[in-house]
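The values are calculated or read from the model by the stated rules, or taken from the named source; none is laboratory data. These numbers were taken from a predicted model, which means no experiment stands behind them. Because the Cβ atoms are built from the backbone with ideal geometry, glycine has one as well, and the counts that use them run over all protein chains shown.
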Amino acid sequence: MTTGAALFIAFLVVQRLSELAIARRNTARLLAEGAREVAPGHYPLIVALHTGWLLSIVWFGYDEPILWGWLVVFAVLQGLRLWILGTLGRRWTTRIIVTDEPLVAEGPFRYLRHPNYTLVVAEIFVAPMVLGLTGVALVFTVLNALVLFIRIRAEDGALRPAG
């Protein structure tokens, strides 16, 4: 394994595991405060997709050199990730959790309806490209689009006012 690939892959793994821990904590707290989860049936698809994506990067990218231009793009995406997480704070989770609070309308949410999904779409493509894995980037971009179609419809339906 090249040192660059090892460090990049380790970052991805630690980042994803940290996010899962944050999401679980936030989900549990939100549910305890009376929020409700919507459309949990698609969540295993999201977990499977991201697990397969990460394992594919490990399997095919472990011995690949870093492509620095793509790494710069990935680093910029991490700035967007921090902006999204900072804006949502304790409301950020990987599940669709609905509260009685108004939707967040500041930070990146002023500009995009679904900034986190926009980020994920970009990351699913860009992260494999850091290691030159065009096939992984393309296959998982298509799979992610299918899963996000289900998820965004469910989320938008849950957030739409009844009437």
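Taking residue 109 as the residue in question, decide whether it is surrounded by fewer than 16 Cβ atoms within 10 Å (Cβ to Cβ), under 23 Å from residue 23 (Cα atoms) and either over 12 Å from the mean Cα position of the chain (by Cα) or without any contact (Cβ under 8 Å) to a residue 12 or more places away in the chain (or both).
No, not satisfied.
Would segment 14-29 turn up any residue that is crowded, with 17+ Cβ neighbours inside 10 Å and of a type in the set (Val, Ile, Thr)?
Yes: segment 14-29 contains one or more residues that are crowded, with 17+ Cβ neighbours inside 10 Å and of a type in the set (Val, Ile, Thr).
For (1) surrounded by 13 or more Cβ atoms within 10 Å (Cβ to Cβ); (2) of a type in the set (A, V, I, L, M, F, W, C); (3) touching a helix residue (DSSP H, G or I) at 6+ places or on another chain (Cβ under 6 Å); (4) not in a loop (DSSP other than H, G, I, E, B), each residue gets a yes or a no:
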position	(1), (2), (3), (4)
41	no, no, no, yes
45	yes, yes, yes, yes
55	no, yes, no, yes
66	yes, yes, yes, no
78	yes, no, no, yes
89	no, no, no, yes
119	yes, yes, yes, yes
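In this structure, is residue 121 at pLDDT below 95 and in contact with a Leu (Cβ under 8 Å, 6 or more places away or on another chain)?
no
Please determine whether any residue of segment 66-82 is among the hydrophobic types (A, V, I, L, M, F, W, C), in contact with a strand residue (DSSP E or B) (Cβ under 8 Å, 6 or more places away or on another chain) and over 22 Å from residue 137 (Cβ atoms).
No, because not a single residue in segment 66-82 is among the hydrophobic types (A, V, I, L, M, F, W, C), in contact with a strand residue (DSSP E or B) (Cβ under 8 Å, 6 or more places away or on another chain) and over 22 Å from residue 137 (Cβ atoms).
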